[in-house]
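Notes follow once the structure below has been shown.
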Amino acid sequence: MTNDQKPRRKAIRLKEYDYSLPGHYYLTICTQNRRCLLGKIIDEKMVLNRYGKIVNKYWRKLPEKFNNISLDEYIIMPNHLHGIIVINDDVPNNVGAGFSRPKISLGQIVAWFKLSIHQTNKLYYLRFGGNNRQRARRPDKKRVGKPDPYRQKIPI
């Protein structure tokens, strides 16, 4: 089945909604092609491998990076992560000299999370789904550029 033949998923984001507004946001972030890269379930418990531990590390760093968010419950599964991010309104927005801090949207938070994991220890093969790191190209054209020396298969 080619990419043109695959069924397209409906976008579940609200087009007119401002995802930088305070509130609780439930996220599911899947690995690319839903490959089980983050660990295994053994005796009904999730056991993270080294890649799952990296995902856990960067998920827990989100409040350090973005001072207006906090984390609620989350769980890492073999091929995805479920989590609740709380965007708070009680953080001072003034950075001094009459300037205000720009609003941080949910999309920017997720983009930083994915990019951080992607760049950590050259884990170019641990990619999450989405198009924030994919180059657009016409389907009839070959990829232009140097091959990625870090992209390799993970032995499981």
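Values in this text are rule-based calculations from the coordinates and carry no lab data. Source: prediction; values computed, not measured. Note that each Cβ is placed from the backbone with ideal geometry, even for glycine, and that neighbours are counted across all protein chains shown.
Extension gain for residue 74-residue 61 works out to 3.4 nm (0.36 nm per residue, less the C-alpha to C-alpha distance). From most to least packed by mean Cβ count within 10 Å, the peptides 106-117, 44-55 give 106-117, 44-55.
Full extension of the chain between residue 103 and residue 47 yields a length gain of 16.6 nm, computed as 0.36 nm times the residue separation minus the alpha carbon distance. Label-to-label distance for residue 17 and residue 36 is 3.2 nm, based on points extended 7 Å past Cα in the beta-carbon direction. Each principal axis of region 23-122 carries a Cα extent, and these read 54, 28, 20 Å when sorted largest first.
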